[in-house]
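Below you'll find the structure, written out as structure tokens, and then a few comments.
The values are calculated or read from the model by the stated rules, or taken from the named source; none is laboratory data. The structure presented is a predicted model; accordingly, all values stated were derived computationally and were not measured. Every residue, glycine as well, gets a Cβ built from its backbone with ideal geometry; the counts of neighbours run over all protein chains shown. In case anyone asks, the SASA skips ligands and DNA or RNA and just uses the protein heavy atoms, side chains included. Shrake-Rupley method; radii C 1.70, N 1.55, O 1.52, S 1.80 Å.
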Amino acid sequence: MDYDSALGAAIDRLHKEGRYRTFIDIERRRGQFPHAVWTKPDGTEQDITVWCGNDYLGMGQHPVVLNAMHEALDATGAGSGGTRNISGTTVYHKRLEAELADLHGKEAALVFTSAYIANDATLSTLPKLFPGLIIYSDELNHASMIEGIRRNGGAKRVFRHNDVAHLRELLEADDPDAPKLIAFESVYSMDGDFGPIAELVEVAEEFGALTYLDEVHAVGMYGPRGGGVSEQLGIADRIDIINGTLGKAFGVMGGYIAASARMCDAVRSYAPGFIFTTSIPPVVAAGAAASVRHLKGDQALRDLHQERARVLKMRLKGLGLPIVDHGSHIVPVIVGDPVHTKIISDMLLADHGIYVQPINYPTVPRGTERLRFTPSPVHDPKMMDGLIQAMDALWSHCALNRAELAG
């Protein structure tokens, strides 16, 4: 087989479909977020404003986080030195897990290298702990949840997105004595819609099922202390396992689960994705712990974040743009074509210094390609004015081009 030609053909297919992913080379600069510097393919630089980042609250630049990381770096050096089981557990890891357990009102927490790994490792391990386990998964769950469920070798059922009645039908059709787990999210990242958490918990309790909630796009931003939507609703204590990330609202890196002490002990003892992975550096753990601790008391930052999102949605609606608004902080503008999504993204970057990455299939269904904006508290009114003016001009330009092509 000509392996190189096969690789070339696979990449060419993506180009032809308009789905080839281009990495934008940017440099974040301390104290200037959401401003950054884009290094163009020709080597020149251009100042840009990042409108698609997951550092939702700007905590990746916050002095509290940076100071904690500097102190840990000076005290411990760079890496952790091993897996959590072999020399890679430090006081910084234990402090971080204590902060996370407290955040969610759980007995314990377990930190992984990413939320993806936390989902994958935990969900693929649970059938080892509960033989015969059936997992019921929302059809729009994140790829990490899907992968973990797929790999676990156990039974799975997929219910229609946010469809509690369909979930109930699936539960009623299975053995009432079989162990069960319902996996879902609080905020779905592509449309920004909320999961019906309270109803799902009620169904789980009725059928004796465990609950697994991914709060990745909600921790730090929702709830009186940033514990997520489950805390906001006052039902975090009724969720068995909560998954979260340290790389979005908390501004650093890593992922975790929070649950009972026995659940965390069992997962850490059986999950290969935890056992055989080098632990996050102490400096990262220190920064994350400082961020979690700070955000437990910074409601003003959460309020400003929500205000910025509301204003951006209102202004985009005022232009008549097809945005999806489910009340969360995520602002998708549906373009519906991969080529035109890329064109608008490229023109925003090159002509206006605005960076928003195109989102195409398979991340979203074909025909729903989009630009996904994530406003933060540090996107000020002047930046928003520039974005609105640019979107107004470019949307009209692309609409005319599409009309010409259709004619």
Checklist entry - in a strand (DSSP E or B), basic (Lys, Arg), within 23 Å of the chain's Cα centre (by Cα) and within 19 Å of residue 191 (Cα to Cα) - does that describe any residue in the range 303-312? => result no
Item to check | the range 280-309: number of residues that are in contact with a helix residue (DSSP H, G or I) (Cβ under 6 Å, 6 or more places away or on another chain) and buried (at least 24 other Cβ atoms within 10 Å of the Cβ) | outcome: 9
Checklist entry - Inside the range 97-167, counting only strands (runs of 3 or more DSSP E) that do not spill past its ends, which hold 3 or more residues that are hydrophobic (A, V, I, L, M, F, W, C) and closer than 28 Å to residue 220 by Cβ? => result 108-112
Item to check | residue 215 vs. criteria open to solvent by 10 Å² or more (accessible area, probe 1.4 Å), modelled with pLDDT of 95 or more and not aliphatic (A, V, I, L, M) | outcome: no
Checklist entry - For residue 212, are the conditions met, namely being part of a strand (DSSP E or B) and in contact (Cβ under 8 Å) with a residue 12 or more places away in the chain? => result yes
Checklist entry - Taking only pairs six or more apart or across chains, which ones have beta-carbon atoms under 7 Å, a first residue in the range 256-276 that is touching a residue at least 40 places away in the same chain (Cβ under 8 Å) and more than 11 Å from residue 112 (Cβ to Cβ), and a second residue that is part of a helix (DSSP H, G or I) and hydroxyl-bearing (Ser, Thr, Tyr)? => result 270/125
Checklist entry - Which residue, of 178, 155, 143, is of a type in the set (A, V, I, L, M), open to solvent by 30 Å² or more (accessible area, probe 1.4 Å) and more than 22 Å from residue 55 (Cα to Cα)? => result 155
